[in-house]
Amino acid sequence: MNFLSRLLGRPPEGESAQVAKQRLQLVLAQDRLNISTETLNVLKDEMIEVISRHIEIDQANVQVSMTSTTQCTCLIASIPVIRARSPAPAESAKRARAPRQRSRA
Amino acid sequence: MAGRIITLTSGKGGVGKTTATANLGVALARCAQRVVCVDADIGLRNLDVVMGLENRIVYDLVDVVEGRARLRQALIKDKRLPELQLLPAAQTRDKSAVTEKQMIKLCEDLRKEFDFILIDSPAGIELGFRNSIAPADEVIIVVTPEVSAVRDADRVIGLIEASEKPAPRLIINRLRPAMVRRGEMLDTADILEVLAIELLGIVPEDETIITATNKGQPVALENRSPAGGAFMRIARRLMGEDVPFQTFEDSSGWLERLSHLFKR
């Protein structure tokens, strides 16, 4: 069938098993923690709020998700950084380096 | 020696719990074990028709629990296999007709007479499920390689672990090796990674299950079908034998293999 598809110039079918596995890992991580999508969204909004105090970020493209393996459950946040905000006077002494774009907790 | 009480459950319906119970019962009986299959799906009984014993029911599980019949009167002997018997569910009652305590008492009585007590749990995680799990020494989770079935299995595994039963083992049912090879179906490794439990067996998708069920003759009665062979292997594993897992490398048709050649 793949050979025929190629002959006819059709794109090969996507490997849906990988999609299934990734979706399962996300949904099971949420099920096991008993954390809802709404809670995850609230968490995301609060993270944006806290981080925005110090760093200017691309708020529209922040992604927060969960994944689960046999060893652990991970909360993954992808936060695109635009630039650091000018530091508050009190904190100017301990100015931090620009953080990495992807943080894992 | 006291028998082992094993419950087959899944969370999701339609993954093959009843078929697996019937075939494991047959397979164990063929290994000279005394087996009773207990249909715990009260109100929706089906194990009797899958085993082909529906015409011989006089009393059922609820009759025994409520004292209208003795256990021996309700048990149906399978004429094809002298070691195999069935305790049917009631069809006109519902799950609340039995309590966990009564199920435990019933299974303790069966334990004295049989080597294996296989309980076919209803789908879901409510009363019927809890009644089925309560007496179990061991639990087998039946899953198909689909997101919905795996998700429900995970939920059930969590509930069983919380109930302080030993860790359940997994039967992956209706696996389609050709689809797995194309990357279009979750494979055994994916499912085991996600669920993190021990594998007990893999049963390939097999059309003979349908024709066998039509006739009320479980596939494990004979050696010919792939699914029947898979259940025989699971039975031997349950008895403690170290049976390697099948890889299903050669089960694809020539067309499939040919297309694979061109894919490289």
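Just so you know, all these numbers are worked out from the coordinates, no wet-lab data involved. Since this is a predicted model, take the numbers as computed values, not measurements. Backbone-built Cβ (ideal geometry, glycine too); neighbour counts: all protein chains shown.
Summary table below
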quantity	calculated
Crossing angle, helix B:100-111 versus chain B [Cα axis fit, 0-90 degrees, rounded to tens]	80 degrees
Crossing angle, helix B:226-238 versus chain B [Cα axis fit, 0-90 degrees, rounded to tens]	60 degrees
Sequence of B:78, A:58 once ranked by neighbouring C-beta atoms within 10 Å, starting from the fewest	A:58, B:78
Förster-model FRET efficiency, 51 Å R0, residue B:108 and residue B:193, C-beta, rounded to 0.05	0.85
Segment B:1-139: C-alpha gyration tensor shape, a/c 1.5 cut-off, then a/b vs b/c	rounded
Cα gyration tensor, the protein assembly as shown - rounded (a/c under 1.5), prolate or oblate	oblate
Whole-Hz couplings from phi, Karplus 6.51/-1.76/1.60, listed for segment B:22-33; x for Gly and Pro	4, 6, 5, x, 4, 4, 5, 5, 5, 8, 6, 9
Structure-based [θ]222 nm, chain B - -39500 (n - 2.57) summed over DSSP H runs of at least 4, per residue, nearest 500	-11500 deg cm²/dmol
Spacing of the two label points (7 Å from each Cα toward its C-beta) at residue B:223 and residue B:163, in nm	3.7 nm
Simple spin-label estimate for residue B:93 and residue B:49 in nanometres, 7 Å along Cα-Cβ	2.1 nm
Coil-residue GluC sites (Glu not before Pro) of segment B:123-213, DSSP, other Cβ within 10 Å capped at 13	B:126, B:164, B:207
Euclidean distance between Cα centres, segment B:105-175 to segment B:15-34, Å	15 Å
Cα-based helix-to-principal-axis angle, B:254-263 vs chain B, degrees rounded to 10	50 degrees
Over 30 Å (Cα to Cα) - which of B:95/B:215; B:12/B:105; A:21/B:215 fall in this group	A:21/B:215
Selection from B:91, B:61, B:75 lying farthest towards where the dipole of segment B:18-104 points positive, charges on Cβ	B:75
